[in-house]
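The values are calculated or read from the model by the stated rules, or taken from the named source; none is laboratory data. Since we're looking at a predicted model, the values are computed, not measured. Cβ atoms come from the backbone with ideal geometry, glycine included; neighbour counts cover every protein chain shown.
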Amino acid sequence: MKLHHIGYEVRHLPQSIRYFTQNFGFQIEKELFFQGEEITFLKKQNTRIELIKHSSQLVNPNVHFCFEIENLQEELQRTGITPLEGPYWIEQEKWLTVFVEGPQKTILELLQQK
């Protein structure tokens, strides 16, 4: 298992992209739309941030950690964790992903690359 990305909901996607690219040297890795959300992945070396444009006026943006695992089904069976959402197949990336509840009701994403 390794950390795949940290997801961060933002109100203004272009402004957020500029912030991370200009201040920290991140580059746009990919842009996609998934379930009505506009998403941009930024990458710098081995660090990846997922910026998610949220349509509502967020007071406190949600943050989630995504762990890349070898076999999603085996991991869910081994841990006994029941997904809150998914599994979702993201065709253009060849990702199978689920969202699960972490400690203190935080959200964790588990992702398998196909």
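Tabulated values for the structure
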quantity	calculated
Residues of segment 2-48 that turn out to be in contact (Cβ under 8 Å) with a residue 60 or more places away in the chain and not small (Gly, Ala, Ser), as a count	7
Among (1) of a type outside the set (Val, Ile, Thr); (2) in contact with an Asp or Glu (Cβ under 7 Å, 6 or more places away or on another chain); (3) modelled with pLDDT under 90 - the single one residue 23 does not satisfy	(2)
Qualifying positions in segment 86-107 - farther than 18 Å from residue 63 by Cβ, over 13 Å from the mean Cα position of the chain (by Cα) and outside any strand (DSSP E or B)	91, 92, 94
Qualifying residue in segment 9-23 (condition: out of contact with any helix residue (DSSP H, G or I) (no Cβ under 7 Å at 6 or more places or on another chain), in a helix (DSSP H, G or I) and of a type in the set (D, E, K, R))	yes
Residue check, residue 97 surrounded by 14 or more Cβ atoms within 10 Å (Cβ to Cβ) and closer than 18 Å to residue 13 by Cβ	no
Every pair of residues 6+ apart whose Cβ atoms lie under 9 Å, when the first sits in segment 79-91 and is over 9 Å from residue 110 (Cβ atoms) and in contact (Cβ under 8 Å) with a residue 40 or more places away in the chain while the second is assigned to a loop (DSSP other than H, G, I, E, B) and of a type in the set (A, V, I, L, M)	none
Unique match (being among the hydrophobic types (A, V, I, L, M, F, W, C), buried (at least 17 other Cβ atoms within 10 Å of the Cβ) and over 17 Å from the mean Cα position of the chain (by Cα)) among 51, 76, 72	76
